[in-house]
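The values are calculated or read from the model by the stated rules, or taken from the named source; none is laboratory data. What you see is a predicted model; the values in this text were computed from it and never measured. Cβ: placed from backbone, ideal geometry, glycine included. Neighbour counts: every protein chain shown. Keep in mind that these areas ignore ligands, DNA and RNA; they rest on the heavy atoms of the full protein, side chains included. Shrake-Rupley method; radii C 1.70, N 1.55, O 1.52, S 1.80 Å.
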Amino acid sequence: MADYKPTEMMTIAAARSLKNDDICFVGIGQPSAACNLARLTHAPDITLIYESGTLGTKPTVLPLSIGDGELCETALTTVSVPEMFRYWLQGGRIKVGFLGGAQIDKYANLNTTVVGPYDKPKVRLPGGGGAPEIATSCGEIFIIMAQGKRSFVDKLDFVTSIGHVSGGDSRQKLGVKTKGPTKLITDLAIFAPDPETREMTVVSIHPGVTREQIQDNTGWTVKFAAQVEETPAPTARELEVLRELHARTARAHAAA
Amino acid sequence: MARITSLAEAIAANIHDGDTVALEGFTHLIPHAACHEIIRQGRKSLTLIRMTPDLVYDQMIGMGCVKKLVFSWGGNPGVGSLHRFRDAVEKQWPLPLELEEHSHAAMANAYEAGAAGQPCAIFRGYIGGDLPKVNPRIKHITCPFTGEQLAAIPAHRPDVAVIHAQRADKAGNVMIEGVLGVQKEAVLASKRSVVTVEEIVDELPARSLNAVVLPHWTVGAIAAVPGGAFPSYAQGYYPRNNSFYKQWDDIAKDRDSFHAWMKANVLDKGPEAFAQYAGTRHAAAE
């Protein structure tokens with residue numbers, strides 16, 4: 001078995017979640033790496049959309065920002081930002097949205113706004129950006145986040161975007177018709193919502209990771225599904241394509 | 001009506017202390033040269049609107065130009081924090097910063113409503129989150145046809161929009177290509193506008209029948225500032241300088257290194273300093 005890093009496992013597991021016919025709203029960083037890895041391996045026809053307005057983009061390197069020129073140059077078309085949010089996102093044309101955050105709770109609600117009180121924050125984070133409406137407008141949401149006790153918390157300091165709210169049918173009761181977070185992919189495991197309680201529950205553990213490790217890096221008592229699988233290890237090809245993508249990206253960003 | 005002038009005159013005539021100003025450009029075509037000129041002219045107590053505050057607002061906040069920020073995402077894309085923005089919010093340095101915080105969808109809708117002359121933007125948003133609890137300007141409205149609860153926020157109606165574009169012709173018609181952001185909406189929503197361009201040409205070149213052109217009678221002051229979007233980019237002229245965005249993290253982390261950089265690169269310089277970054281025009285796909 002090839003040697004790999006936990007973050008590589010995370011990106012590869014996220015990439016595998018995407019299908020060839022998906023229409024995907026891509027965020028910068030881990031989501032962008034996962035989506036482009038999927039496009040370069042098993043999902044060559046996947047439609048990638050970045051909120052800068054680029055529809056069906058095929059970058060050769062990962063963009064540093066959400067609107068790098070290459071996204072526009074390789075896109076099928078580029079629309080204005082109001083059109084992006086109104087017709088494409090809020091119009092319900094996007095199947096999968098990717099999100100991450102500084103904090104997540106067990107119902108996959110996310111905080112990207114502040115650590116501490118809003119008026120006197122200990123850390124002022126960038127804020128919601130597209131997330132509040134991505135979370136409710138996309139057909140379903142995949143979340144990618146590395147685990148840790150400071151980020152996987154019992155109670156969020158601020159709810160920037162909703163997941164399954166307070167569990168059960170609380171999301172639907174707000175009038176939201178989309179599925180919300182169906183997968184949470186971490187550097188240790190894959191979580192999915194429990195069918196009844198909607199609590200994010202471990203369904204697959206990455207090779208070599210223990211249940212104790214997952215619990216030690218989570219701020220709530222972790223639930224495990226009745227049948228927990230082992231995530232298949234990255235294949236040589238997945239690792240090769242991902243590493244080439246990152247190497248190309250690093251060269252391009254250093255040069256510019 | 002468009003008037004071709006120098007950047008210094010354009011800023012002096014159009015931006016006053018206390019104004020509400022929107023410098024727009026979504027990653028692409030961010031008006032850095034205009035931002036530097038506003039700082040050099042020492043504007044104070046500005047209310048700044050922008051979806052993604054970026055380096056330009058980090059610089060204006062750190063230099064004490066800003067009273068209030070209306071925004072939806074305040075980070076250095078792909079790099080991390082905007083340190084001057086954080087210092088102002090967390091430690092009130094150099095001044096306290098009032099925040100009016102929205103989501104991207106809300107901001108985009110509010111610019112569009114402003115361009116359309118509507119009093120407010122109505123959209124399906126902010127469901128279940130905490131932003132409406134901390135921003136009293138986020139309200140709700142009931143659809144008179146379906147009864148659905150929708151979010152409503154006031155339209156953006158800035159005193160001044162400031163944008164950068166690839167080119168204008170001598171009559172002052174402005175053409176924008178590539179990632180379009182909300183610049184067209186911001187100019188149409190504002191009372192006045194300042195447009196910097198890579199070049200002023202006799203006639204706009206051959207273009208798509210649907211090219212984005214702001215007619216001269218919708219635009220205020222136009223100034224040619226080649227390279228004026230650097231380290232952001234101008235599609236067809238020069239690429240985004242991603243390595244500078246990474247360097248900014250170190251420059252802005254510390255108050256002294258920030259001030260040293262601003263003195264050397266902004267206060268002691270003029271718009272012509274951007275010329276070194278200007279590329280020559282080439283086809284967009286090259």
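Quick test of your reading of the structure: B:L29 fulfils all but one of (1) more than 14 Å from chain A (Cβ to nearest Cβ); (2) at positive phi. Name the failing condition by number.
Condition (1) is where B:L29 drops out.
Of the residues that make up segment A:149-159, is at least one in contact with a helix residue (DSSP H, G or I) (Cβ under 7 Å, 6 or more places away or on another chain), surrounded by fewer than 23 Cβ atoms within 10 Å (Cβ to Cβ) and away from chain B (no Cβ under 12 Å)?
No: zero hits.
Among the residues of segment B:38-45, are any touching a Cys at 6+ places or on another chain (Cβ under 8 Å) and assigned to a helix (DSSP H, G or I)?
yes
Do the conditions hold for A:E140, that is, is it among the acidic types (D, E) and open to solvent by less than 10 Å² (accessible area, probe 1.4 Å)? Please lay out each step first, then the result.
Numbers: among the acidic types (D, E): yes; open to solvent by less than 10 Å² (accessible area, probe 1.4 Å): no.
Criteria not met by A:E140.
Looking only at segment A:173-190, filter to residues that are within 11 Å of another protein chain (Cβ to nearest Cβ) and not small (G, A, S); which one of those is nearest to A:G208 (Cα to Cα)?
Applying the filter and picking the extreme gives A:T178.
In the set A:V26, A:V61, which member is open to solvent by 10 Å² or more (accessible area, probe 1.4 Å) and either within 14 Å of chain B (Cβ to nearest Cβ) or in contact with a Leu (Cβ under 6 Å, 6 or more places away or on another chain) (or both)?
A:V61
Just need a number here: residues in segment A:65-90 that are closer than 23 Å to B:L150 by Cβ and open to solvent by less than 40 Å² (accessible area, probe 1.4 Å). Outline the logic, then answer.
Narrowing segment A:65-90 to residues closer than 23 Å to B:L150 by Cβ: A:79-90.
Next, only the ones that are open to solvent by less than 40 Å² (accessible area, probe 1.4 Å) stay: A:79-82, A:84-85, A:89-90.
The total comes to 8.
Confirm whether B:G62 is within 29 Å of A:S137 (Cβ to Cβ) and in contact with a helix residue (DSSP H, G or I) (Cβ under 6 Å, 6 or more places away or on another chain).
no
Tell me whether segment B:240-248 contains one or more residues that are surrounded by 20 or more Cβ atoms within 10 Å (Cβ to Cβ), within 23 Å of B:A2 (Cα to Cα) and among the hydroxyl-bearing types (S, T, Y).
No.
Return the residues of segment B:82-141 that are among the polar types (S, T, N, Q) and away from chain A (no Cβ under 11 Å); say none if nothing qualifies.
If the condition is that a residue be among the polar types (S, T, N, Q) and away from chain A (no Cβ under 11 Å), then B:Q118 is the only one that fits.
Of all residues in segment B:1-57 being open to solvent by 10 Å² or more (accessible area, probe 1.4 Å) and in contact with a Phe, Trp or Tyr (Cβ under 7 Å, 6 or more places away or on another chain), which is modelled with the lowest pLDDT?
The selected residue is B:M1.
Based on this model, can you work out whether A:G127 counts as open to solvent by less than 30 Å² (accessible area, probe 1.4 Å), in contact (Cβ under 8 Å) with a residue 24 or more places away in the chain, facing another protein chain (nearest Cβ under 8 Å) and over 19 Å from B:S81 (Cβ atoms)?
Details: open to solvent by less than 30 Å² (accessible area, probe 1.4 Å): yes; in contact (Cβ under 8 Å) with a residue 24 or more places away in the chain: yes; facing another protein chain (nearest Cβ under 8 Å): yes; over 19 Å from B:S81 (Cβ atoms): no.
When the stated conditions are applied, A:G127 does not pass them.
Name the residues in segment B:126-151 that are of a type outside the set (S, T, N, Q), open to solvent by less than 70 Å² (accessible area, probe 1.4 Å) and within 16 Å of B:F71 (Cα to Cα), would you?
Matches in segment B:126-151: B:Y126, B:D130, B:L131, B:P132, B:V134, B:I138.
Taking the condition open to solvent by 30 Å² or more (accessible area, probe 1.4 Å) and either facing chain A (nearest Cβ under 10 Å) or more than 22 Å from A:V81 (Cα to Cα) (or both), does B:S72 pass?
In short, no.
For A:D194, are the conditions met, namely being open to solvent by 70 Å² or more (accessible area, probe 1.4 Å) and modelled with pLDDT of 95 or more?
Against the criterion (open to solvent by 70 Å² or more (accessible area, probe 1.4 Å) and modelled with pLDDT of 95 or more), A:D194 does not qualify.
Is segment B:202-219 home to any residue that is touching a Cys at 6+ places or on another chain (Cβ under 9 Å) and not basic (K, R)?
no
Where in segment A:154-256 are there strands (runs of 3 or more DSSP E), lying fully within it, with 1 or more residues that are in contact (Cβ under 8 Å) with a residue 60 or more places away in the chain?
Numbers: elements: A:181-185, A:189-193, A:200-205, A:224-230.
Fully inside segment A:154-256 and qualifying: A:181-185, A:189-193, A:200-205.
Among the residues that make up segment B:202-218, is at least one of them within 14 Å of chain A (Cβ to nearest Cβ), touching a residue at least 40 places away in the same chain (Cβ under 8 Å) and closer than 22 Å to B:E272 by Cα?
no
Can you tell me how many residues within segment B:157-201 are open to solvent by less than 10 Å² (accessible area, probe 1.4 Å), more than 11 Å from B:E24 (Cα to Cα) and within 13 Å of chain A (Cβ to nearest Cβ)?
4
Please verify whether A:G92 is in a strand (DSSP E or B) and either more than 24 Å from B:F244 (Cα to Cα) or away from chain B (no Cβ under 11 Å) (or both), treating the condition exactly as stated.
Criteria not met by A:G92.
Within the bounds of segment B:80-98, is there any residue that is over 30 Å from B:S243 (Cα atoms), open to solvent by less than 30 Å² (accessible area, probe 1.4 Å) and in contact with a Lys or Arg (Cβ under 8 Å, 6 or more places away or on another chain)?
no
Taking into account only those residues within segment A:217-256 that are within 14 Å of another protein chain (Cβ to nearest Cβ) and charged (D, E, K, R), which is least open to solvent (accessible area, probe 1.4 Å)?
Selected residue: A:R248.
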